[in-house]
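Q: The structure's right below; bear with me while I get my questions together.
We did not get these values from a lab; they are worked out from the coordinates using the rules stated. This one's a predicted model, so the numbers in the text were calculated from it and none came from an experiment. All Cβ positions, even for glycine, are placed from backbone atoms using ideal geometry, and neighbour counts span all protein chains on display.
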Amino acid sequence: MKLKELKLKFTETLSEVYPSEEIQSFFFILSEKYLNLARVQITLEADKEIGSTTLKKFETALERLKKQEPIQYIVGDTEFYGLTFKVNKDTLIPRPETEELVEWIIEDSVSEKSNDYSILDIGTGSGCIAISLAKKLSGAAISALDYSYEALKTAEENAKLNNVTVQFFQEDILKTGTLPQQYDVIVSNPPYVRELEKLKMQSNVLDHEPASALFVSNSDPLLFYRTIARLSLRYLKPNGKLYFEINEYLSKELIESLKDEGYPIIKLKKDFRGKDRMLQCRKSK
């Protein structure tokens with residue numbers, strides 16, 4: 001089969017499931033992964049013959065796409081903050097708004113000259129936050145925890161892939177009462193999507209990404225934030241900062257909760273879509 005014929009097959013097979021722009025994007029990603037062809041080369045090499053082994057890979061990917069499995073899981077990796085991360089069913093796919101949270105922490109931390117500047121990422125998943133910080137803040141000691149052993153294995157692979165040192169450890173943040181040390185920065189992108197919000201979500205997320213990393217109960221949607229905030233008050237250094245990625249619909253409630261927990265200074269930031277997406281809390285001296 002020629003490349004142009006394969007592209008046509010993709011378009012025809014997926015046209016009832018995805019918009020044309022998304023189908024084109026899928027094909028470009030797979031062509032780069034399986035054929036090492038850049039986007040412009042697909043047109044230039046339209047008559048390229050696809051070998052049987054490679055064709056099988058495309059056909060397998062096509063079947064998985066028909067079931068609305070995320071393309072990132074199909075190819076096994078994704079890009080975040082200019083770095084490559086392995087992802088799988090045990091890890092969330094990193095989102096672009098989380099890159100903004102990483103950027104905020106870097107901007108606040110880059111001028112720090114302390115020899116023992118330390119950062120903890122709670123609920124690290126693929127390790128995207130911790131590893132990106134380690135890459136950009138080479139003088140900082142970065143640690144990260146997650147309750148999932150499988151997620152931590154992926155995070156460790158990603159640290160090696162990106163040539164950084166991160167200390168990973170397994171811990172259920174809802175059950176622990178201690179942390180290993182004091183930190184200058186604690187950051188978390190915890191589960192924050194309420195069960196009632198599932199109706200607004202696409203099946204590629206609902207059916208394939210790990211539910212435990214996404215959803216919280218309608219009755220207590222701030223559980224992770226409250227737990228992490230209380231623990232952080234004990235384990236942040238004086239003037240230490242706590243950063244959260246947040247649910248856009250719960251920003252006011254979360255700010256009030258964090259004030260009640262004892263954080264006198266709270267900053268709210270919107271993401272590139274104009275939605276309330278991240279918070280910074282400063283511990284008093």
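Q: What is the extension gain from Phe28 to Lys4, computed as 0.36 nm multiplied by their sequence separation minus the C-alpha to C-alpha distance, in nm to one decimal?
A: 7.4 nm
Q: What distance in nm lies between label points placed 7 Å from Cα along the C-beta direction at Thr84 and Glu256?
A: About 4.8 nm separates the two model spin labels.
Q: A further question follows. Provide, in order from the shortest bin, the percent of all Cα-Cα pairs of the range 90-282 in each 10 Å bin, continuing until the bin that contains the maximum pair distance.
A: 9, 38, 40, 12, 1
Q: Calculate, in whole percent, how much of the Cα-Cα pair population of the range 217-268 lies beyond 14 Å.
A: The calculated P(r) of the range 217-268 puts 51 percent of pairs beyond 14 Å.
Q: Another question, if that's okay. Kindly provide the helix-only [θ] at 222 nm of the chain, computed as the sum of -39,500 (n - 2.57) over DSSP H runs of four or more divided by all residues, to the nearest 500 deg cm²/dmol?
A: Rounded to the nearest 500, the figure is -12500 deg cm²/dmol.
Q: Express in whole angstrom the spacing between the alpha-carbon centres of the range 144-193 and the range 213-281.
A: 18
Q: Going toward the positive end of the dipole of the chain, with +1 on Lys and Arg Cβ and -1 on Asp and Glu Cβ, which of Ile129, Val187, Tyr117 do you reach last?
A: Farthest along the dipole direction, towards plus: Tyr117.
Q: Of the options Leu152, Phe58, Thr43, report the single residue whose Cα projects farthest towards the positive end of the charge dipole of the chain (beta-carbon charges: Lys, Arg +1; Asp, Glu -1).
A: Leu152
Q: Still on this model: Just to be sure I understand the model, the point goes 7 Å from the Cα along the line to the Cβ. What's the resulting Arg282 to Asp172 distance in nm?
A: Distance between label points: 3.7 nm.
Q: Per the Kirkwood definition applied to all pairs of different Cα atoms, how many angstroms is the hydrodynamic radius of the range 3-67?
A: Kirkwood hydrodynamic radius for the range 3-67: 11.8 Å.
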